[in-house]
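Undergrad: What follows is a structure written as structure tokens; I'll ask about it next.
The values are calculated or read from the model by the stated rules, or taken from the named source; none is laboratory data. On a predicted model such as this, the values are computed, not experimentally measured, just so you know. Ideal geometry is used to build each Cβ from the backbone, glycine not excepted, and the neighbour counts take in all protein chains shown.
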Amino acid sequence: MRLLSETTSNPLHMEFSQNKTIRPTEDEVRDWLLSTTRHSMRMEFCLQSMGIGNRDPQRPHDIVGEGNKFEWEVIQGFSTENRPEIDHFTHVVPALTRHRAQYHHQKWNHEDSGATDDEMLLGATDAICSLLENRLYQGGSHSIEEIRSIIEDRNPPYRRPWMTKALDQVNKLKMPDMGQIRHLDRIPNLGLPLSIYETTVNRVRETILMLRQDHGFKLNNL
């Protein structure tokens with residue numbers, strides 16, 4: 001199985017026709033919002049614990065700013081990625097490309113981005129957390145040893161020391177159980193600063209309202 005991240009450099013796969021879009025179901029949208037919230041809060045816990053990311057202008061992680069995961073274009077692409085009939089190159093890749101407009105990806109994805117050490121460690125931590133999660137386009141969730149192999153085998157040299165450093169630090173943290181986030185209308189605060197937690201909850205509410213008003217989703221079972 002080829003990982004999606006291994007194919008996105010081909011410009012032929014970047015074209016996206018609107019008539020090929022697929023509308024996600026209510027359950028798919030709800031699951032995407034939950035998984036995104038869990039990842040954002042996992043990252044915020046890591047950033048707080050590791051003392052990094054204070055100059056990142058787009059926090060809470062992944063859910064504010066251009067290309068954030070609560071944008072409709074990103075939701076529409078990613079929320080249906082587990083369907084067996086989905087053509088990932090025409091449907092999911094555009095959402096991934098849109099999300100990579102985020103500040104932390106611009107710093108992490110390009111060797112000549114001028115990223116600071118803090119920004120590189122943040123990007124590496126994001127990569128590590130994503131590999132710990134069950135993401136189809138990355139081949140599912142991975143063990144610590146599998147991640148060490150991925151660091152060496154699937155990443156350019158400039159990323160490897162940062163990912164190793166991030167993996168070692170993340171592995172030492174007493175990570176809250178993000179599985180406790182089971183309802184979008186009752187999100188617990190799992191060790192985050194109050195301002196980050198409140199912004200996260202407000203962004204979830206804003207996104208649910210957008211989906212209801214602009215795209216006709218009911219989202220009654222939150």
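Undergrad: If you take the residues of the stretch 107-131 that are within 12 Å of the chain's Cα centre (by Cα) and more than 16 Å from Pro157 (Cβ to Cβ), which of them is surrounded by the fewest Cβ atoms within 10 Å (Cβ to Cβ)? Don't jump to the end; show me each part of the working.
TA: Applying the first criterion (within 12 Å of the chain's Cα centre (by Cα)) to the stretch 107-131 yields 123, 125-131.
Next cut, more than 16 Å from Pro157 (Cβ to Cβ) only: 125-126, 128-131.
Numbers: Thr125: 27, Asp126: 23, Ile128: 26, Cys129: 21, Ser130: 17, Leu131: 21.
Step by step, filter the stretch 107-131, then rank; the result is Ser130.
Undergrad: Out of the residues in the stretch 87-115 that are in contact with a Lys or Arg (Cβ under 8 Å, 6 or more places away or on another chain) and among the hydroxyl-bearing types (Ser, Thr, Tyr), which is modelled with the lowest pLDDT?
TA: Only one residue fits best here, namely Thr90.
Undergrad: Being part of a loop (DSSP other than H, G, I, E, B) and without any contact (Cβ under 8 Å) to a residue 40 or more places away in the chain is the requirement here; does Asp112 meet it?
TA: In short, yes.
Undergrad: How about the stretch 197-210: which of its residues are in contact (Cβ under 8 Å) with a residue 40 or more places away in the chain and farther than 15 Å from Thr36 by Cα?
TA: Result: Met210, single match.
Undergrad: With the condition kept exactly as written, say whether any residue in the stretch 82-94 is of a type outside the set (A, V, I, L, M, F, W, C), in contact with a Leu (Cβ under 8 Å, 6 or more places away or on another chain) and in contact (Cβ under 8 Å) with a residue 40 or more places away in the chain.
TA: yes
Undergrad: Working only within the stretch 34-74, note down all residues that are more than 11 Å from the chain's Cα centre (by Cα), among the hydrophobic types (A, V, I, L, M, F, W, C) and under 25 Å from Asp177 (Cβ atoms).
TA: Listed by number, the residues that qualify are Leu34, Phe45, Cys46, Leu47, Met50, Ile52, Val64.
Undergrad: Being under 20 Å from the mean Cα position of the chain (by Cα), of a type in the set (A, V, I, L, M, F, W, C) and not in a loop (DSSP other than H, G, I, E, B) narrows it down to one residue among Ile187, Ile208; which is it? Explain how you work it out, then say what you get.
TA: Values: Ile187 fails: not in a loop (DSSP other than H, G, I, E, B).
Matching residue, one of Ile187, Ile208: Ile208.
Undergrad: Would you mention how many residues in the stretch 11-61 are surrounded by 14 or more Cβ atoms within 10 Å (Cβ to Cβ), modelled with pLDDT of 95 or more and either in a helix (DSSP H, G or I) or acidic (Asp, Glu) (or both)?
TA: 24
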